[in-house]
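The values are calculated or read from the model by the stated rules, or taken from the named source; none is laboratory data. All of these numbers come straight from a predicted model, not from anything done at the bench. Note that each Cβ is placed from the backbone with ideal geometry, even for glycine, and that neighbours are counted across all protein chains shown. What goes into the accessible areas is simple: the full protein's heavy atoms, side chains included, and nothing from ligands, DNA or RNA. Shrake-Rupley method; radii C 1.70, N 1.55, O 1.52, S 1.80 Å.
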Amino acid sequence: QVQLVESGGGLVQAGGSLRLSCAASGRTFSSYAMGWFRQAPGKEREFVAAINRSGGSTLYADSVKGRFTISRDNAKNTVYLQMNSLKPGDTAVYYCAASRLTGSTPDLYDYWGRGTQVTVSS
């Protein structure tokens, strides 16, 4: 069992930056690939970024490529999402998730956090 808790969300103006964190419980964090997803009101949950178990490989949605960076610190059981050049369209609840495999499909992920709200004003 892995428990995930996101933090770092908030209100920011367009063009600004935020860094999300996701703290994982348990001693098996390094056994899981990690992903970030987001869900805006009235829309389906969509993939944002993923990172493999070692942190050596990453995957991004085209909509965030070049603006967002995913990273992880296995010693701290934490995964991060650095978000720069934020746009109003990035407004959503952001979720972190853990999976045995690295990928962009929500069905791959076994454990989910409760989410953190990110609001980008124009």
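A count restricted to segment 63-73 and to residues that are under 22 Å from Ala24 (Cβ atoms) and either open to solvent by 60 Å² or more (accessible area, probe 1.4 Å) or at pLDDT below 95 (or both) stands at 1.
On the stretch given as segment 33-62, residues that are open to solvent by 60 Å² or more (accessible area, probe 1.4 Å) and over 14 Å from the mean Cα position of the chain (by Cα) total 8. A residue that is open to solvent by less than 40 Å² (accessible area, probe 1.4 Å), in contact (Cβ under 8 Å) with a residue 12 or more places away in the chain, among the aromatic types (Phe, Trp, Tyr) and assigned to a strand (DSSP E or B) cannot be found anywhere in segment 17-32. Residue count for segment 33-81 under the criterion of being free of Cβ contacts under 8 Å to residues at least 60 places away in the same chain, basic (Lys, Arg) and not in a loop (DSSP other than H, G, I, E, B): the result is 1. Scanning segment 85-122 for residues that are open to solvent by 60 Å² or more (accessible area, probe 1.4 Å) and either outside any helix (DSSP H, G or I) or touching an Asp or Glu at 6+ places or on another chain (Cβ under 8 Å) (or both) yields Ser85, Lys87, Arg100, Leu101, Thr102, Thr105, Asp110, Trp112, Arg114, Gln117, Ser122. For segment 6-16, a residue qualifies if it is closer than 16 Å to Cys96 by Cβ and either open to solvent by 30 Å² or more (accessible area, probe 1.4 Å) or free of Cβ contacts under 8 Å to residues at least 24 places away in the same chain (or both), and the qualifying residues are Ser7, Gly8, Gly9.
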